[in-house]
Amino acid sequence: MDGIHDCGGMDGHGPVLPEKNEPVFHGDWERRMFGLNWAIGMNGFWNQDEYRHAMENRPVLDYLGDPYYAKWLYGVETLLVGKGIATAAEIAEARALPPQKKVGGVETPLTAEIVPQIIKDGFTFRREADAKPAYAVGDKILTRNIFIKGHTRLPRYAREKIGVITQHHGIFSFNDSAANEQDERPQHLYTATFTARELWGPEASAIDKLNLNVWEEHIDPAPSGR
Amino acid sequence: MPHDHDHDDHSHSHAPPEDIVVRVKALENLMIKKGFVDPAAVDEIVEHYERRIGPHIGAKVVARAWANPAYKARLVSDANAALAELDVSRLQGEDIVVVENTDKIHNVLVCTLCSCYPWNLLGLPPVWYKSTPYRSRIVKEPRVVLKEDFDLPVADDVEVRVWDANAELRYMVLPQRPEGTDGLSEEELEKLVTRDSMIGTGQPARLTK
């Protein structure tokens, strides 16, 4: 979706405000939300791309107004209700719950014991598949002019632009279809390099470049002459 | 709420609406009650990212690359294998690409769509990295942002390369080794590597006499 999250190239957002000696978390609610996201996510109720879409799919002013981890809170609450894991009424009524203890006899998917192993191994999105790559380093490509209601990783600023394939990364899960169709549709992933002038016009730097990952469903060969 | 960190000349508040604090507590209690969450697991993962994983890991990698040309060659050609040599963890950095700054190239990282960042090398991202001012502007006017917002002017003849992390690859900038550091050990070099130098919004620290 062409939401506020896809903000690359917008003007008017103001200065960047780095904070000196910034702590990792600014309050206990951030700590809990950070950890909860992993603990809940490990239940497998949704995939990470559905979750990203849940965070971005909301009114512009709400997105801009929330502190960062409140976006996570919104995404999790939305998916819990949307997937039928909890009702909106349960979530509202939970405000009155006293602090809870872990339910006895239930093995949760994320335990303290397995956290170190998960951090060590991660979850790669590299996939095995037979497909041959359709592009090679050096090929000129044209990004598609797509408008998807759901989630897409092709940002607005990079649509219908000429770029050059500069890296080939092998086969990865496709985040767009994973979010929108719960189908990973693994395909070759590349880095496409765009000149600053292709993206931002003739006043941009003559030498600067931007690198973006593109999946095969995001691109076509550049038309001859471009 | 304790507020023991200081700010630049800007004032901005991280105090959330009380409603958000209440909602997070409610969410945790509901998830525990339903048997989906063990609060000890939440404690454990928070502990790792608050206390153990941070930019000191990336700094160690950078210092090794500065000190050892063969390691640097491996790091920029096959980062995953090179990071495995140093036992770097992989969560949110499962597939890393290291991009090297030179006299003619300055690299800078962003995730315009959300907040993707190499957690395994740099820890969790700072708020500014996740903010729309940075995400919106660094792709379009990187030289202006670097100069005005980060006091890092880039010379006209140096190419700026922006890397927008829109897939599951994560990037790290390998900054240039500062001049005058020939005699330093890896441990001493590590101390010069700043977080922002590995994002591309800063330089390594200068030697203090």
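The values are calculated or read from the model by the stated rules, or taken from the named source; none is laboratory data. Everything quoted here is computed from the prediction, not taken from an experiment. Note that we place each Cβ from the backbone using ideal geometry, even for glycine, and neighbour counts take in every protein chain shown. Calculation scope for accessible area: heavy atoms of the full protein, side chains included, ligands and nucleic acids excluded. Shrake-Rupley method; radii C 1.70, N 1.55, O 1.52, S 1.80 Å.
A simple rule links phi to the HN-Hα coupling: the Karplus curve 6.51 cos²θ - 1.76 cosθ + 1.60 with θ = phi - 60°, which for the range B:163-171 gives 10, 8, 7, 9, 10, 8, 6, 10, 10 Hz, with x for Gly and Pro. In straight-distance terms, cross-link reach from residue B:104 covers every one of the lysines whose alpha-carbon lies under 23 Å from its own, apart from those fewer than eight places away in the same chain; here that gives A:209, B:72, B:140, B:147.
Here the Kirkwood formula, the inverse mean of 1/r across different C-alpha pairs, assigns chain A a hydrodynamic radius of 20.6 Å.
In this label model, residue A:24 and residue A:222 are separated by 4.5 nm, measuring between points 7 Å along each Cα→Cβ vector. Sites listed here are chymotrypsin sites (Phe, Trp or Tyr not before Pro) in the range A:104-173 whose DSSP assignment is loop and whose Cβ has at most 13 other Cβ atoms within 10 Å: A:123, A:147. Where the only charges are on Cβ atoms (+1 Lys, Arg; -1 Asp, Glu), what is the dipole of the range B:2-199 about its Cα centre, to the nearest 20 debye? The calculated dipole for the range B:2-199 is roughly 620 debye. Relative to the longest principal axis of the Cα atoms of chain B, the long axis of helix B:18-33 lies at roughly 70 degrees.
Could you report chain B's accessible area per residue, 1.4 Å probe, as an integer in Å²? Heavy-atom SASA per residue in chain B reads 42 Å². Annotation: amide H-H contacts under 5 Å for residue A:127 (H modelled 1.01 Å from N, sequence separation of 5 or more, or interchain): A:171, A:172, A:173. Rounded to whole numbers, the Karplus 3J(HN,Hα) couplings from phi for the range A:182-188 are 6, 10, 5, 6, x, 7, 5 Hz, using 6.51 cos²θ - 1.76 cosθ + 1.60 with θ = phi - 60°, and x at Gly and Pro. Given R0 = 56 Å, the distance between the Cβ atoms of residue B:87 and residue A:1 translates into a calculated FRET efficiency of 0.90.
Largest first, the extents of the alpha carbon coordinates of the range A:143-210 on the three principal axes equal 42, 27, 13 Å.
Here the Karplus curve 6.51 cos²θ - 1.76 cosθ + 1.60, taken at θ = phi - 60°, turns the phi angles of the range B:95-111 into couplings of 10, 9, 10, 9, 10, 9, 7, 9, 4, 10, 9, 10, 9, 9, 9, 7, 10 Hz, with x standing for Gly and Pro. Approximating the spin labels as points 7 Å out from Cα along Cα→Cβ, the residue A:93-to-residue A:166 distance works out to 5.6 nm. A cut-off of 5 Å between modelled amide H atoms, ignoring neighbours fewer than 5 places along the same chain, links residue A:112 with B:41. Across peptide A:99-110, the mean count of Cβ atoms from other chains lying within 10 Å of each residue's own Cβ comes to 5. For residue B:170, nonlocal amide neighbours, meaning residues 5 or more places apart or on other chains whose placed amide H falls under 5 Å from its own, are B:95, B:96, B:97. Rounded if a/c is under 1.5, else prolate if a/b is larger than b/c, else oblate: which is the range B:84-124, with a ≥ b ≥ c the root eigenvalues of its Cα gyration tensor? The shape class here is oblate. Charged side chains reduced to their Cβ positions (Lys and Arg at +1, Asp and Glu at -1) give the range A:147-211 a dipole of some 120 debye around its Cα centre.
Here the dipole of the range A:28-121 is about 160 debye; that uses its Cα centre as origin and unit charges on the Cβ of Lys and Arg (positive) and Asp and Glu (negative).
Compared with the dominant principal axis of the Cα atoms in chain B, helix B:55-67 is inclined by about 20°.
Association of chains A and B removes close to 8500 square angstrom of accessible area from solvent, both sides included, for a probe radius of 1.4 Å. Of A:162, A:202, A:179, which is farthest towards the positive pole of the range A:140-221's charge dipole, taken about the Cα centre with +1 and -1 on the beta-carbons of Lys, Arg and Asp, Glu respectively? Farthest along the dipole direction, towards plus: A:202. Within 10 Å of the Cβ of each residue in B:151-164, the mean number of Cβ atoms contributed by other protein chains is 4.
In this simple spin-label approximation, residue B:205 and residue A:144 carry label points 7 Å from Cα along the Cα→Cβ vector, and these lie 4.9 nm apart.
A viscosity of 0.692 mPa s and a temperature of 37 °C, combined with the Kirkwood radius over C-alpha pairs in the Stokes-Einstein formula, give the range A:28-121 a diffusion coefficient of 222 µm²/s.
For the peptide B:120-131, the mean number of other protein chain Cβ atoms found within 10 angstrom of a residue's Cβ is 4. Summing charges over neighbours of residue A:111, with a neighbour being any other residue whose Cβ is under 12 Å away from its Cβ, gives -4 when K and R count +1 and D and E count -1.
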